[in-house]
Amino acid sequence: MEGNKNMGTNSAGFSYNMVLDSPLGRLGIACCDQKLVRLDYLTGHVALNPASTPFEREIAAQLADFFKTPSQPFTLALDMRGTDFQRRVWQALTCISAGQTLTYGELAAQLDSGARAVGNACRNNPVSIVVPCHRVVSAAGIGGYSGKTDGREIDRKQWLLRHDGNTPGALKTRAKTPSNGMYTNKQRNLHA
């Protein structure tokens, strides 16, 4: 992790460079080598710890911008470790704009895969919000979030979808993701 700070930890003992407040509760943020590695929802019992490096301040500023204007794109360098398939799914998620959604099946068809595999990749997204897995929904409803189908996680997904400009009746608005393998600089940045 950047510097030698040992900040707040989650229940699994993962340490964060900073802990910020947000409309969704506390966020634990880990970065390494000027890249965002992890963003987790934490309980309110974890002490706040503000940004202390220029990169951490940039993360905090971009998150604050998102919570004001969800259409504001993230431009952070990311270090997302996962399988090749997971990285393909996460890459595709960055192409879904605020106010748009895809179903797990639609995204799976674009990636020549299955809906369950896409759902598993979304569940393992280490930087939710920044890589917007909340914009992938079930064909029959909202679907899951962070591996859960009810409770606090679904409340967060509903909040994020409303914040993005989605209403329950508008969840069928479809996003376009590149099917030709061409990505913008923002998407290429995912694994830089």
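The values are calculated or read from the model by the stated rules, or taken from the named source; none is laboratory data. All values derive from a computational prediction rather than experimental measurement. Because the Cβ atoms are built from the backbone with ideal geometry, glycine has one as well, and the counts that use them run over all protein chains shown. Calculation scope for accessible area: heavy atoms of the full protein, side chains included, ligands and nucleic acids excluded. Shrake-Rupley method; radii C 1.70, N 1.55, O 1.52, S 1.80 Å.
To the nearest 10 square angstrom, what accessible area does F14 show with a 1.4 Å probe?
Rounded to the nearest 10, the figure is 60 Å².
Would you please give the residues with an amide H less than 5 Å from that of G143, counting only those at least 5 places away or on a separate chain, with H modeled from the backbone geometry?
Long-range HN contacts for G143: S138.
Going by accessible area, probe 1.4 Å, with all protein chains left in place, what is the ranking of T75, T149, T69, T94, largest first?
The ranking, largest first, comes out as T149, T75, T69, T94.
Considering only protein heavy atoms, what is the solvent-accessible area of C133 at a probe of 1.4 Å, reported in Å² to the nearest 10?
About 10 Å², ignoring ligands and nucleic acids.
Using modelled backbone amide H atoms (1.01 Å from N, in-plane), which distant-in-sequence or interchain residues come within less than 5 Å of N166's amide H?
The answer is G99.
Amide H of Y16: which non-local residues (sequence gap of 5 or more, or other chain) have their own amide H closer than 5 Å, using H built in the peptide plane?
The answer is M7, G8.
Given labels modelled 7 Å from the Cα in the Cβ direction, how far is it in nm from K148 to F14?
Taking the two extended label points, one gets 1.5 nm.
Please turn the phi angles of region 146-155 into ³J(HN,Hα) values with the Karplus equation 6.51 cos²θ - 1.76 cosθ + 1.60 (θ = phi - 60°), one per residue in order, whole Hz, x for glycine and proline.
These are the phi-based 3J(HN,Hα) values: 6, x, 10, 10, 7, x, 4, 5, 5, 4 Hz.
Considering only protein heavy atoms, with the full assembly of protein chains and a 1.4 angstrom probe, order E56, E106 by accessible area, largest first. Walk me through the intermediate numbers first.
On the way: E56 0, E106 60 Å².
Most to least solvent-accessible, the answer reads E106, E56.
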